[in-house]
1. Out of the residues in segment 83-119 that are touching a strand residue (DSSP E or B) at 6+ places or on another chain (Cβ under 6 Å) and polar (S, T, N, Q), which is farthest from GLN156 (Cα to Cα)?
2. Go through GLY139, GLY169 for me and flag whichever is in a loop (DSSP other than H, G, I, E, B), farther than 16 Å from ASP74 by Cβ and touching a residue at least 60 places away in the same chain (Cβ under 8 Å).
3. Select from segment 69-84 the residues that are assigned to a helix (DSSP H, G or I) and either at pLDDT below 95 or closer than 22 Å to ALA135 by Cβ (or both) and list them in ascending order.
4. Can you find a residue in segment 167-178 that is at pLDDT 95 or above, of a type in the set (Lys, Arg) and out of contact with any Phe, Trp or Tyr (no Cβ under 9 Å at 6 or more places or on another chain)?
5. Got at least one residue in segment 84-106 being surrounded by 21 or more Cβ atoms within 10 Å (Cβ to Cβ), touching a Gly at 6+ places or on another chain (Cβ under 6 Å) and among the aliphatic types (A, V, I, L, M)?
6. If I ask for residues that are touching a Pro at 6+ places or on another chain (Cβ under 6 Å) and among the β-branched types (Val, Ile, Thr), which ones from segment 56-113 would you list?
7. Which residues, taken from segment 189-209, are in contact (Cβ under 8 Å) with a residue 60 or more places away in the chain and either within 11 Å of LEU62 (Cα to Cα) or part of a helix (DSSP H, G or I) (or both)?
8. Here are some conditions: (1) touching a residue at least 60 places away in the same chain (Cβ under 8 Å); (2) of a type outside the set (Phe, Trp, Tyr); (3) in a strand (DSSP E or B). LEU153 meets all but one. Which one does it not meet?
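The values are calculated or read from the model by the stated rules, or taken from the named source; none is laboratory data. No experiment lies behind these values; they were computed from the predicted model shown. Heads up, the Cβs are rebuilt from the backbone with ideal geometry, glycines too, and the neighbour counts pull from every protein chain shown.
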Amino acid sequence: MPPRDSREVIEPGQSFQAVLFVPFCYDAPPRLSDFPAICEFTLEVRPGFRRNAMIEHGSMNLADILSPKQIITDLQAANRWEAIDELIRNLVDCDKIKPEHVEQIAAVVKKREASMSTGIGFGIGIPHASTDLIAEVVGSLGRSRQGVNFDALDNQPVNLVMLFLVPQGQFQKHLHTLANIAKLLHKKEFRQALEQASDAQAMYQIIRDNSGK
């Protein structure tokens with residue numbers, strides 16, 4: 001099937017699958033399989049939406065999404081499913097998610113996670129989903145001392161898990177912000193600083209100092 005023109009208008013009721021590949025730095029020329037697809041989902045579009053519209057909009061950074069209260073410094077989860085539950089509970093505690101919505105939000109995040117692990121390598125996991133149960137982009141960051149089994153692309157345990165939730169229909173912000181988070185977390189010095197930080201406030205300050213760079 002020939003590729004579509006990226007300027008093509010998608011008609012109401014249609015959907016398409018968007019896959020975000022985040023190019024990382026390698027010592028040798030990378031293969032296509034080395035580019036982790038961290039965002040793969042079906043998008044329901046509004047009338048007149050253009051496939052390349054995402055490049056016309058700005059995005060958020062990690063400091064915009066988090067606060068010290070939304071950082072868990074000692075994540076207890078042993079696997080990705082427990083990590084998702086623990087981070088969602090944190091968002092409830094921070095009044096970012098209503099308690100009655102926990103099961104529905106957990107289900108949509110886990111459904112997305114089951115289709116492809118968001119463990120993108122280098123000790124990073126970015127479980128994410130879109131839901132109509134929130135009004136704004138929200139997130140929670142967990143740091144695991146022992147490592148979380150995430151079925152990651154490199155088969156290594158994950159030490160930093162960033163749960164990222166977006167209101168239904170905010171595709172442009174979803175795509176760009178996911179890319180920003182992945183690029184920031186891929187920086188070795190940044191990850192090491194987070195892993196060595198004494199508390200949530202220190203972790204948040206590190207994130208603020210590095211976001212947007």
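1. Among those residues, the one meeting the criterion is ASN90.
2. One residue alone meets the criteria, GLY169.
3. Once the filter is applied, which keeps residues that are assigned to a helix (DSSP H, G or I) and either at pLDDT below 95 or closer than 22 Å to ALA135 by Cβ (or both), segment 69-84 yields LYS69, GLN70, ILE84.
4. Checking segment 167-178: not a single residue is at pLDDT 95 or above, of a type in the set (Lys, Arg) and out of contact with any Phe, Trp or Tyr (no Cβ under 9 Å at 6 or more places or on another chain).
5. yes
6. The answer is ILE84, VAL92, VAL109.
7. ARG191, ALA200, GLN201, MET203, TYR204, ILE207, ARG208
8. LEU153 satisfies every listed condition except (3).
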